[in-house]
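Contents: one structure, followed by commentary.
The values are calculated or read from the model by the stated rules, or taken from the named source; none is laboratory data. Everything numeric in this text was worked out from a predicted model, so none of it was measured. Neighbour counts are summed over all protein chains in view; Cβ atoms, including those assigned to glycine, are modelled from backbone coordinates with ideal geometry.
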Amino acid sequence: MSIQTIKVLIVDDEPLAREIISTYIMKIPGLEVVGDCKNALQAFSILSKQQVDIMLLDINMPEINGIEFLKTIKDPPSIIFTTAYSEFAVESYEYNVVDYLLKPISFERFLKAINKTVELLQPLDTDTASQSTIQTTGNENIIFVKSDGKWIKVDISKVWFIEALKDYLRLWTDNSKIIVHSTMKNFEEQFAQVPFFIRVHKSYIINMNYISEIDGNTIRIKDQSITIGNTYKDEISKVFNRFKLL
């Protein structure tokens, strides 16, 4: 891994929660706790003074909660939410968080979230950066994407949805979640003529074939809930109305 030390900031108003997370971090080589904050104001002070790669951020805090705090950060680090309240999950993913951990957090689940975040933090090597990460083939439903140094064949008709993670995309399928160094704009340009893909949020493009239900501004695909962004509501309504989804 090319990143020497990953700087981690803990923000949680519960002393025990901060202690548990600190203990977990000490078990993982390459991580360093640069701050242990009980509120957003303390965290803001640290963010303004030094580099932070990952912020483990509690949602339910006094004065300024985690989501409100995240909205104030111009260029936030990679975010992992830690909370005892599952009802914030859908809203939290509007802000491109990497993961969402429900308390009490097991070490195994914590490690999985950290590994996912570290993978996103790893810069591409020169050879990878010089190549396109999405290649089409003669079959309009088949693409090859570069992930973790390998070219992986993907049947796009079996992709549930595409999720934006800063400079990466995560392709959700039945069998895997494939992370690709690319952008939503790149994906939209290459697959503008694929009729079953539609942008529903700045962070989500969905495959309409996998929609199981729509409840207000929430689309359900498999066991995942995706919020319809305000910018896309009118266009989505036009598309759905063509299929008599009223």
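Taking the residues in region 177-206 that are under 18 Å from Val97 (Cα atoms) and modelled with pLDDT under 85 as candidates, determine which candidate is surrounded by the fewest Cβ atoms within 10 Å (Cβ to Cβ). Of everything passing the filter in region 177-206, Thr183 is surrounded by the fewest Cβ atoms within 10 Å (Cβ to Cβ).
Among the residues of region 43-51, is there at least one that is in contact with a helix residue (DSSP H, G or I) (Cβ under 9 Å, 6 or more places away or on another chain), crowded, with 22+ Cβ neighbours inside 10 Å and assigned by TED's automatic domain parsing to the domain that holds Glu87? Yes, that holds for at least one residue. Scanning region 234-246 for residues that are surrounded by fewer than 12 Cβ atoms within 10 Å (Cβ to Cβ) and modelled with pLDDT of 80 or more yields a total of 1.
Against the list (1) farther than 23 Å from Val145 by Cβ; (2) among the polar types (S, T, N, Q); (3) in contact with a helix residue (DSSP H, G or I) (Cβ under 6 Å, 6 or more places away or on another chain), the condition Thr173 fails is (1).
Condition check ((1) modelled with pLDDT of 85 or more; (2) within 15 Å of the chain's Cα centre (by Cα); (3) outside any helix (DSSP H, G or I); (4) not assigned by TED's automatic domain parsing to the domain that holds Asp53) across all residues:
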site	(1), (2), (3), (4)
Ile114	yes, yes, no, no
Gln131	no, no, yes, yes
Glu140	no, no, yes, yes
Ile143	no, no, yes, yes
Trp151	no, no, yes, yes
Val154	yes, no, yes, yes
